[in-house]
């Protein structure tokens, strides 16, 4: 139940937090949100921590590779977009 | 306890980071704040699994190898991509994020823990996002025809897929957690990701990618429930909700309604999109 409350409150924060973003920032903002869901890398780490079968290790490997790509690539490409944005002005 | 506090700080960084993205002047700082939260969350988790002493040397090796492969791929592609190709790269990152979220639930099923609605939703949403985002990236990159692709029997196929996902998902969550059933649900969701994006024209892809981004956020929140981790729930819900709002803003900016985009068959000069291609 506590988890559900946290979920709903976080949804409300998410709805409110980007209410007035200008159209030029739409794509960078999408990319920034994309990096944040890379937090699933923590899930991949916890899978690896408790894996003890071959299949478990395969899943942990895939999940950590996917998630690391999401996190690292996401933040770097967002930063590149925003750097460009500043240079253009 | 300290780990939980770091998790809370990380979640706060994500909210602040998104907030700073509202204005061009502070946007870059916002991204850095969010990245700092990410580093803190990852380090805290590393300390957590090292302290609990559960993880075997093989586990560390697998984790480090996987992360290294993913990090290098992400870093190289993000640094070398041309400016015009960035949206499809974001879509690719979104695909792997959704895939990772689905794998967390698959791992839980393999452990033989009981069925739960959150496991089903994690597999469903993660799988749809995985193939849907890959296809969206392919359309923008020109690997797949950018025009709306509509084929005969698409509607019947979607109906069958929806039934498998709904009934199979319900059965797994509420009646009996049979691994075969969730496999069928996952496969149906993978196919559905394709049939959902296929009829949508390339010009509408940015909006679709934003929608799939919100999907991944929701899948990550579900993964948070599956492994009982509040930070995942918070960050996932945050992305799910802000991604949904952003999707609507983007559709509005293009003078398109989200519903008409998802129905598809729009754009690139096809006279009658209902004709099979």
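Derivation of every value follows stated rules applied to the coordinates shown; laboratory data play no part. Everything numeric in this text was worked out from a predicted model, so none of it was measured. Note: ideal-geometry Cβ built from the backbone for every residue, glycine included; neighbour counts use all protein chains shown.
A few notes on this one:
- In terms of overall dimensions, the C-alpha atoms belonging to the stretch B:1-126 reach 48, 34, 32 Å along their principal axes, ordered largest to smallest.
- Shape index of the protein assembly as shown: Rg/Rh, with Rg the Cα radius of gyration and Rh the Kirkwood radius from the inverse mean 1/r over Cα pairs, equals 0.96.
- Computing Rg and the Kirkwood Rh from the Cα coordinates of the stretch B:1-66 gives a ratio, Rg/Rh, of 1.15.
- The mean count of C-beta atoms from other chains within 10 Å of the C-beta of residues in A:51-58, rounded to a whole number, is 5.
- Inter-chain neighbour count for B:250-258: the average number of beta-carbon atoms from partner chains within 10 Å of each residue's beta-carbon is 1.
- The mean of 1/r over all pairs of different alpha-carbon atoms in the stretch B:145-240, once inverted, gives a Kirkwood hydrodynamic radius of 15.1 Å.
- Residue among B:25, B:221, B:36 with the largest mean-square fluctuation in a Gaussian network model of chain B, springs linking Cα atoms under 10 Å: B:25
- Adding -39500 (n - 2.57) for every DSSP H run of four residues or longer, then dividing by how many residues chain B holds, sets the calculated 222 nm ellipticity at -26000 deg cm²/dmol.
- Over every Cα atom in chain A, the radius of gyration and the widest Cα-Cα span, Dmax, amount to 17.1, 54 Å.
- Taking only the alpha carbons of the stretch B:123-201, we obtain Rg and Dmax values of 13.8, 44 Å in that order.
- In degrees, nearest ten, helix A:54-88 long axis to first principal axis of chain A (Cα): 10 degrees
- Proportion of all alpha-carbon pairs of the stretch B:52-145 beyond 17 Å (%): 63 percent
- Pair-distance distribution of the stretch B:85-263: all C-alpha pairs, bin width 5 Å, starting at 0; shares per bin in whole percent are 2, 10, 17, 20, 20, 16, 10, 5, 1, 0.
- Part-to-part distance (alpha-carbon centres) for the stretch A:1-69 and the stretch B:161-190, which is given in Å: 23 Å
- With a simple spin-label model that places each label point 7 Å from the Cα along the Cα-to-Cβ direction, the separation between residue B:110 and residue B:56 comes to 1.3 nm.
- Averaged over B:23-31, number of beta-carbon atoms from partner chains that fall within 10 Å: 6
- Packing rank of A:16-23, A:1-8, where each peptide gets the mean count of other beta carbons within 10 Å, highest leading: A:16-23, A:1-8
- The fraction of Cα-Cα pairs per 5 angstrom bin, counted from 0 for the stretch A:1-43, comes to 5, 17, 18, 25, 19, 10, 5, 1 percent, rounded to whole percents.
- Residue B:159 paired with residue B:180, simple spin-label distance in nm, labels 7 Å along Cα-to-beta-carbon: 2.7 nm
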